[in-house]
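*Asks:* Attaching a single structure in structure tokens format; questions to follow.
What follows draws every value from the coordinates through simple rules; no lab data is involved. Since the structure is predicted, the reported quantities are computational estimates derived from the model, not experimental observations. Here the Cβ positions follow ideal geometry from the backbone for every residue, glycine too, while neighbour counts run over all protein chains shown.
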Amino acid sequence: MNLAITDVRLTPILVADPPLLNTQGVHQPYTPRLIVEVVTADGVTGVGETYGDAKYLELARPFAERLKGHQVSDLNGLFTLADQVAVDRSRVENAVDVGGLRGVQTADKLRLSVVSAFEVACLDALGKALGLPVHALLGGKVRDAVEYSAYLFYKWADHPEGVPAEKDDWGAAVDPAGVVEQARRFKERYGFTSFKLKGGVFPPDEEVAAVRALAEAFPGHPLRLDPNGAWSVEASVKVARELRDVLEYLEDPALGTPAMAEVAERTGVPLATNMCVTTFAEIKEAFTKGAVQVVLSDHHYWGGLRNTQQLAAVCRTFGVGVSMHSNTHLGISLAAMTHVAATVPNLHHACDSHYPWQSEDVLTERLTFEGGKVAVSDAPGLGVELDRERLAVLHRRWLDDDGALRDRDDAAAMRIADPEWVTPSMPRW
Ligand SMILES: O=C([O-])C(=O)C[C@H](O)[C@@H](O)C(=O)[O-]
Ligand SMILES: [Mg+2]
């Protein structure tokens, strides 16, 4: 068996995204992703996916060049190689990721976000070569299916008039009734039993009313609210107190570890994060101050599936919960998330996934949710197959774009509807 990498293919694509609202603005009609393929000397191909904005491509290209001859089994070596790739300082200085939605931006985090796609692709290739599923390469599954939650968004029915976009069939959701209706459809279509509402869009009172409406419509179901740090400590404390009887957890109500620690201390409501703890370096302060009770790992920016397992072990040591964050992603990443989630014993919360919002994919067969869960594949590798025609179509869209959509910019998308819109300063309320 020859596991040496002989070829690497990088395919940037643009995938359709509905007009989902968040505190920065609204999703653009198409969002960038990067599809990574590694091919071994024996002709086995492994696939991975990650964020596709220019700064990730800039790193992925020189990194891919260093991979020729690298063994797909040498996963640790990927990190050593990544350290040799220079990061353009202007990409990380004083920067926050996606206007702050994904926490700090550092050179290491940028590298990890790129390496993660290659780690997944190497695991996929290795699994196919050995006839083993990825979860087996990670030590074996402890569950046969992974539970996901419905990821509810305030949304418009359509992207602004005149903007080229794909139509979606979800309709608008801009008030409590719309949110409840969206949740019903999520439940009907996918069987989800827990619900997360992306907040930070309307004043906190309106979002409290939406969560209350969800609690009435779905009594006893776990509920979460995530304003992406848009609230002051006082606003966060007020919301936490008002919703304490129905929330499973409140996600990133306020920005930064000290503010989160104060909200946690004053309310006792569990706080989750994918913003104040997004790197290993941030763990110590946040855990010792009691700022977070659940860390939402995103295997892309934590540096892959094995780093996610390490994060889970650290969380277990400190009695902190762990679950998974998600951003616009396709089936390759959902498969990767499902494999690693299947191996984490201390995963006690349904994971986030944007996948239901993505009507397009690069797989021959979409992954499905049954009863809110994705079955853990026992097929070799990730258990997914790339649809080359679809990949080519979505790549063509990326090639044809004039650059306006190659970097995600939710504020720019909002300005099309509201020319006065500027990225709100935080805390917004
Ligand atoms: O849980 C989260 O904070 C996210 O998923 C961040 C994302 O960027 C989300 O807000 C989005 O895509 O609008
Ligand atoms: Mg979040």
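*Asks:* Efficiency by 1/(1 + (r/R0)^6): what FRET value for residue 54 and residue 310, r their Cβ-Cβ distance, R0 = 25 Å, to the nearest 0.05?
*Replies:* For residue 54 and residue 310, the calculated efficiency is 0.30.
*Asks:* To test your reading of the geometry: what angle, between 0 and 90 degrees and rounded to tens, separates the Cα axis of helix 331-343 from the longest principal axis of the chain?
*Replies:* Once rounded, one gets 80 degrees.
*Asks:* Now for a separate question. In terms of the Cα gyration tensor, with a ≥ b ≥ c the square roots of its eigenvalues, is the range 139-375 rounded because a/c is under 1.5, prolate because a/b exceeds b/c, or oblate?
*Replies:* Verdict is oblate for the range 139-375.
*Asks:* Could I ask something else about it? What list do you get for 357, 156 if you sort them by fewest beta carbons within 10 Å?
*Replies:* Fewest to most other Cβ atoms nearby, the residues stand as 156, 357.
*Asks:* Where the centre of each part is set by its Cα atoms, how far does the range 351-426 sit from the range 1-74, in angstrom?
*Replies:* Result: 13 Å between the Cα centres.
*Asks:* Note down the nm distance, to one decimal, between modelled labels 7 Å out along Cα→Cβ at residue 241 and at residue 392.
*Replies:* That separation, rounded to one decimal, is 6.2 nm.
*Asks:* How would the range 336-429 be classified by its alpha-carbon gyration tensor: rounded, prolate or oblate, with rounded meaning a/c under 1.5 and the a/b versus b/c comparison settling the rest?
*Replies:* Since a/c reaches 1.5 but b/c is at least a/b, the shape of the range 336-429 is classed as oblate.
*Asks:* If you don't mind, another one. Less than 12 Å apart at the alpha-carbon level, and either on another chain or at least 8 residues along: which aspartates and glutamates does that give for residue 187?
*Replies:* Partners found: 370.
*Asks:* Here's another thing I want to ask about it. Run through the range 1-88 and list the chymotrypsin sites (Phe, Trp or Tyr not before Pro) located in a DSSP loop whose Cβ has at most 16 other Cβ atoms within 10 Å.
*Replies:* Sites meeting the loop and neighbour criteria: none at all.
*Asks:* Tell me, in nm to one decimal, what length is gained between residue 172 and residue 284 on full extension, where the rule is 0.36 nm per residue of separation less the Cα-Cα distance?
*Replies:* Gain in length upon complete extension: 36.2 nm.
*Asks:* Provide the per-residue ³J(HN,Hα) series for the range 419-425, in order, calculated from phi with Karplus coefficients 6.51, -1.76, 1.60 and θ = phi - 60°, each as a whole number of Hz, with x at glycine and proline positions.
*Replies:* With the stated coefficients, the range 419-425 comes to x, 7, 5, 10, 4, x, 7 Hz.
*Asks:* For the pair residue 346 and residue 61, what calculated FRET efficiency results from E = 1/(1 + (r/R0)^6), where r is the Cβ-Cβ distance and R0 = 35 Å, to the nearest 0.05?
*Replies:* About 0.40, to the nearest 0.05.
*Asks:* How would 414, 426, 337 line up from fewest to most surrounding beta-carbon atoms within 10 angstrom?
*Replies:* Neighbour counts put them in this order, fewest first: 426, 414, 337.
*Asks:* Still on this model: Picking from 306, 111, 266, which is most flexible by a Gaussian network model of the chain using Cα springs under 10 Å?
*Replies:* 266
*Asks:* Does anyone have the angle between helix 54-65 and the longest principal axis of the chain? Alpha-carbon axes, 0 to 90°, nearest 10?
*Replies:* For 54-65 against the chain, the angle is about 20 degrees.
*Asks:* Rounded, prolate or oblate: pick one for the range 149-239, where a ≥ b ≥ c are the square roots of the eigenvalues of its C-alpha gyration tensor, a/c under 1.5 means rounded, and failing that, prolate if a/b is larger than b/c, else oblate.
*Replies:* oblate
*Asks:* Also, I was wondering about something else. Using packing as a proxy for protection, rank 320-326, 298-304 so that the peptide with the highest average count of other Cβ atoms within 10 Å comes first.
*Replies:* 298-304, 320-326
*Asks:* Then there is this: Calculate the FRET efficiency for residue 142 and residue 420 from the Cβ-Cβ distance with a Förster distance of 60 Å, rounded to the nearest 0.05.
*Replies:* Step by step, r from the Cβ atoms, then E = 0.70.
*Asks:* Related question: Taking the chain as the reference, fit the longest principal axis to its C-alpha atoms, fit the long axis of helix 176-190 to the helix C-alpha atoms, and give the angle between the two in degrees, 0 to 90, nearest 10.
*Replies:* On a 0 to 90 degree scale, this one is about 30.
*Asks:* Shifting gears a bit: Considering only the other residues whose Cβ falls under 15 Å of the Cβ of residue 130, what net charge follows from Lys and Arg at +1 and Asp and Glu at -1?
*Replies:* In short, -3.
*Asks:* Further question: What is the gain in length, in nm to one decimal, between residue 6 and residue 161 on full extension, counting 0.36 nm per residue of separation less the C-alpha to C-alpha distance? Provide the component values of the computation, followed by the final result.
*Replies:* Working: separation 155, 0.36 × 155 = 55.80 nm, distance 4.67 nm.
Between residue 6 and residue 161, full extension yields 51.1 nm more.
*Asks:* A 19 angstrom limit on the alpha carbon distance is what I want to check against. Which of 109/284; 155/373; 55/109; 109/155; 196/373; 198/284 exceed it?
*Replies:* Table pairs above 19 Å Cα-Cα are 155/373; 109/155; 198/284.
*Asks:* Next question. With contacts defined as alpha carbon pairs under 8 Å and 6 or more residues apart, what's the relative contact order of the chain in percent?
*Replies:* Reported as a whole number, the value is 23 percent.
*Asks:* Still on this structure, I have one more. From the helices alone, meaning DSSP H stretches of at least four residues, give me the mean residue ellipticity at 222 nm for the chain, per-run term -39500 (n - 2.57), in deg cm²/dmol to the nearest 500.
*Replies:* It lands at -11000 deg cm²/dmol.
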